[in-house]
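Since the structure comes first, as structure tokens, the remarks are kept for the end.
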Amino acid sequence: MKKKRLYVIDTDNHEASSLRQILEKHPEIHFVSLAGVDLVGHETEEKIPIRLFMEDMDTFLNGIAIQTDGSSVYLPTIATLDNAKIDMKVDVDRNWFVDYNDEYRDDETDLPVGTLKIPCFLFHDGLPVDSRHALLNATTYFAEESKSLMANSPSFNKQFGFSAESIEKITITAATELEFWAMTPENHRDTLELATSQELHEQYWASTRGSVRTALEQTLDLMEMYGLGPEMGHKEVGGVKAKLSGNGSLTGVMEQLEVDWKYSDALQAADNEMLVKRIIKEQFRSNGMEVTFLAKPIDGVAGSGEHTHISVLAQTQSGEKINVLNPNEKSYLSSFGYGALMGILKNYEVINPFITSSNEAFKRLKKGFEAPICTVTSLGRTVDTPSRNRSVLIGLIRDEKNPFATRFELRSPNPHTNTYLCLTSLLLGMLDGINYALTSGQSEEQLLAELSKKPGDEAVYLEEGRSYRSEKDVFDDYSDEERVDYFGFVPSTVFENIHSFDLYPDKAQTLLKGNVLTKELLNSYKAASINKWVTELEHRIIPNVLKDISDMKALHHTLTASELDRNRWSDIDKLRKEVAKDTLKQTSVFTQIGQAIQEENLHMVSNLQKEMEAKLKELKSLYRLYKNNMID
């Protein structure tokens with residue numbers, strides 16, 4: 001009889017006696033790996049022989065499992081050279097997964113060798129310093145505070161028909177929609193070909209074929225084995241048809257796909273996402289394809305998002321579950337729900353740094369690619385017509401036949417967003433708005449009116465100079481100037497986003513409530529984000545831009561070229577030199593960026609990055625016109 005693999009050890013089997021029985025039945029599991037997640041989303045990975053885990057199981061389960069130094073995680077200003085020790089403590093309240101290596105088999109069972117992945121928390125000087133623990137703290141604090149606010153709200157019992165005292169448990173449920181690109185190595189396709197296919201919607205929800213189909217189906221099957229409840233896998237808008245080779249296989253694969261799976265409680269949902277990314281990478285790699293989770297791997301073509309869904313459930317002592325975002329009467333949301341949504345919108349300046357924290361992420365957030373660029377929501381044109389406005393930052397998802405479906409969909413995250421800190425910051429923002437909604441005495445109608453206000457209208461909680469709701473297309477129905485007037489300033493660099501912590505100190509205080517995120521953690525996150533931004537800009541982005549500029553060669557013949565060709569090349573060459581070449585009279589943008597980095601003038605670095613990107617965009621457009629005019 002063929003022996004089956006073990007995929008999950010659930011929370012009911014995390015005590016020593018059960019674990020020993022399970023692991024003794026599965027000798028193919030050779031290793032244990034503790035999976036902590038630092039502040040920038042890096043997951044720890046090590047191989048501990050299963051023998052050591054079995055010999056010292058009580059210590060692993062009940063104390064400090066491993067001590068390591070700060071070089072294994074990224075915690076600047078915390079894990080310093082003179083105080084770098086990090087303690088790792090096992091999380092027994094989340095599922096543990098077995099990660100199999102299909103290229104290495106166990107002699108006894110002939111099964112692939114497995115590694116038991118155990119989620120853990122990271123501690124420095126006795127204090128938690130990791131993303132997982134931040135989310136754990138956020139969900140605990142949210143549940144306690146929201147229950148207290150419900151108990152002190154005169155209108156809560158009237159709205160929901162039960163008292164806050166009868167609530168036994170409040171659960172944050174979450175899910176993510178993961179988009180990614182798959183491609184055969186060293187066989188990339190022309191950007192114009194990709195953009196044209198995208199414009200014609202040739203790939204969106206089209207059939208998968210060959211190795212892409214195999215890898216996607218294997219991914220969904222494995223997700224089922226791990227108990228993740230896959231709901232869908234499909235092609236996204238980006239990509240082109242692969243080419244058929246002589247032996248019947250496909251080459252030139254370059255396709256964008258999406259995978260969705262069932263919601264879980266917030267911390268388990270973030271852990272599940274980590275697992276799904278590993279599954280996708282391995283299954284597509286085994287089928288000869290690379291996978292990238294970059295937010296914008298190809299300029300001019302749709303980037304990859306990771307829409308994040310969040311909802312709040314209350315369970316009473318009788319076992320009844322209620323979605324507290326959902327209204328009992330004819331309305332878009334309950335007062336609790338309106339407050340939660342308003343809290344996200346009001347505090348988004350200090351939430352956004354946890355959502356959009358990389359150069360790649362900002363490349364995706366451009367108008368025209370269905371990626372949100374403004375802090376605005378959509379509820380639906382009427383209560384009877386659920387919104388499907390794809391141009392807003394955060395939408396309300398509703399199904400009148402299923403009250404548990406009521407949730408918020410945040411559209412700005414990308415696959416490299418740290419989902420743990422994304423959900424943490426969302427919960428803290430939500431709680432701020434819930435506090436207002438449940439203590440102000442405002443009715444659902446009054447909260448809806450404030451959420452729907454125009455710039456200049458009076459407001460109690462939201463800012464008077466802005467609007468927060470639109471049922472129109474934010475890209476097409478507003479000019480650039482109107483978008484800023486209605487919805488506020490939109491950051492376009494990592495620095496502008498991180499600088500929001502300093503620009504909005506009152507909102508930043510929202511993140512510190514309940515000691516969920518401490519000043520030390522915020523400072524470490526800021527330092528990590530800025531260092532990553534500057535390092536990428538200086539050592540990755542500028543060299544890549546230089547290559548692009550260097551590849552722009554004169555293509556016309558000096559003697560026979562038209563005046564138009566000569567003028568266009570003159571404009572191109574002038575711009576090339578402004579960006580990349582120093583002269584006695586001119587310092588290039590590249591050199592100015594380098595000087596600003598040396599002087600630690602981050603405002604200047606940010607402004608020069610925007611200047612460089614604007615000039616490069618103009619250069620590419622000019623060169624395309626020039627090149628397309630070259631005929632024999």
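Every read-out reported here was derived from the displayed coordinates using simple, explicitly stated rules and does not represent laboratory data. All figures in this text were calculated on a predicted structure; none of them were measured in a lab. With ideal geometry, Cβ positions are generated from the backbone for all residues, glycine too; neighbour counts draw on all protein chains shown.
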Worksheet item: Is it possible to state the helix-based mean residue ellipticity at 222 nm for the chain, with each DSSP H run of 4+ residues giving -39500 (n - 2.57), the sum divided by total residues, to the nearest 500 deg cm²/dmol? What is it?
Response: -12500 deg cm²/dmol
Item to complete: Using R₀ = 30 Å, calculate the FRET efficiency as 1/(1 + (r/R₀)^6) where r is the Cβ-Cβ separation of residue 555 and residue 285; round to 0.05.
Response: 0.15
Fill in: Set 363/547; 3/235; 89/147 screened for pairs whose C-alpha atoms are more than 25 Å apart
3/235; 89/147
Worksheet item: Kirkwood Rh over Cα pairs of segment 375-459 into Stokes-Einstein at 25 °C, 0.890 mPa s: D in µm²/s?
Response: 166
Worksheet item: With contacts defined as alpha carbon pairs under 8 Å and 6 or more residues apart, what's the relative contact order of segment 528-628 in percent?
Response: 27
Worksheet item: So how long is each side of segment 435-545 along the principal axes, counting just the alpha-carbon atoms, biggest first, in Å?
Response: 53, 41, 18
Response to the item:
Scoring only Lys, Arg, Asp and Glu (+1, +1, -1, -1) among other residues with Cβ under 12 Å from the Cβ of residue 161 yields -1
Worksheet item: According to a simple spin-label model (label point 7 Å from Cα along Cα-to-Cβ), what is the distance in nm between residue 625 and residue 16?
Response: 7.6
Worksheet item: So what is the relative contact order of the chain, in percent, for Cα pairs below 8 Å that sit 6 or more residues apart?
Response: 12
Item to complete: Calculate the length of the line joining the C-alpha centroid of segment 42-61 to that of segment 372-420, in whole Å.
Response: 41
Worksheet item: Taking a temperature of 25 °C and a viscosity of 0.890 mPa s, what whole-number D in µm²/s does Stokes-Einstein yield for the chain with Rh from Kirkwood over alpha carbon pairs?
Response: 92
Discussion item. Taking each pair of distinct Cα atoms in segment 327-446 once, what is the resulting Kirkwood hydrodynamic radius in Å?
Written reply: 15.1
Worksheet item: Going through the DSSP H helices of the chain, which span 20 Å or more along their own axis at the Cα atoms while scoring at least 1.0 as a mean Kyte-Doolittle hydropathy?
Response: 419-439
Worksheet entry | P(r) histogram, all alpha-carbon pairs of segment 69-180 included - 5 Å bins from 0, percent | 2, 9, 11, 12, 12, 13, 12, 11, 8, 5, 3, 2, 1, 0
Practice prompt. Could you please rank 223, 232, 604, placing first whichever residue has the fewest other Cβ atoms within 10 Å of its Cβ?
Written response: 232, 604, 223
Response to the item:
Filtering GluC sites (Glu not before Pro) in segment 597-632 by DSSP loop and by at most 15 other Cβ atoms within 10 Å leaves 599, 600
Item to complete: Could you compute the FRET efficiency for residue 93 and residue 443, with r as their C-beta to C-beta distance and R0 at 45 Å, rounded to 0.05?
Response: 0.70
Practice prompt. Return the whole-Å distance between the Cα centroid of segment 69-114 and the Cα centroid of segment 217-235.
Written response: 24
Worksheet item: Measuring from centroid to centroid over Cα atoms, what is the spacing of segment 500-542 and segment 561-632 in Å?
Response: 31
Discussion item. With only alpha-carbon atoms in the gyration tensor, what are the semi-axes of the equivalent ellipsoid for segment 8-128, in Å, largest first?
Written reply: 27, 16, 12
Practice prompt. Give the calculated FRET efficiency between residue 108 and residue 601 to the nearest 0.05, with a Förster radius of 60 Å applied to their Cβ-Cβ distance.
Written response: 0.45
Fill in: Electrostatic dipole magnitude of the chain [Cβ: Lys, Arg +1; Asp, Glu -1; Cα centre; debye, to 20]
1180
Discussion item. For a bin width of 10 Å, list the pair-distance distribution of segment 528-628 built from all Cα-Cα distances, rounded to whole %.
Written reply: 14, 43, 28, 12, 4, 0
